[in-house]
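Down below is the structure, laid out as structure tokens.
A short reminder: the numbers here are calculations on the coordinates, not readings from a lab. All values derive from a computational prediction rather than experimental measurement.
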Amino acid sequence: MKYMLLMHTNKQGWDEMPAAWSQEDLGVMVRYMKDLDRELAAAGELVEDRGLAGPDQMKTLQARDDGEPIVTDGPFSETKEVLAGYWVVDVASEERVLEIALHISRTPGPGGRPLNQPVEIHPEGVAPA
């Protein structure tokens, strides 16, 4: 079964990360994510994954009733969380996707302390007939 795993972080933490984290801590986090990607690929479970650019580079588009777009830069000012990255995995069971999500949630932060961040788990849906 295919699942999409969404990793969120808070906007304040994202904005502060470059200055607040040491280069060593950033390196540990990146290696942790790359190790997970290699593990999932070796098991044949990784379909796709991406880390996303920060909220200062995102845009939001919404169509108006007349069909014209409204495009805004960045998230809304009241946004507390931003999508940091995602994985699409194809696994044999819900138990396995929960194991992967736990691994993602425990991504190391400053000093190696797990971030324990929330991970949304979305099963692949089926379009209505």
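Some points to look at:
- Excluding same-chain neighbours fewer than eight residues apart, the aspartates and glutamates reachable from residue 80 by a Cα-Cα span under 20 Å are 15, 16, 56, 120.
- The alpha-carbon atoms of the stretch 76-129 define a convex hull whose volume equals 124 cubic angstrom per residue.
- From the Kirkwood radius over Cα pairs of the stretch 1-93, Stokes-Einstein at 10 °C and 1.306 mPa s returns a whole-number translational diffusion coefficient of 102 µm²/s.
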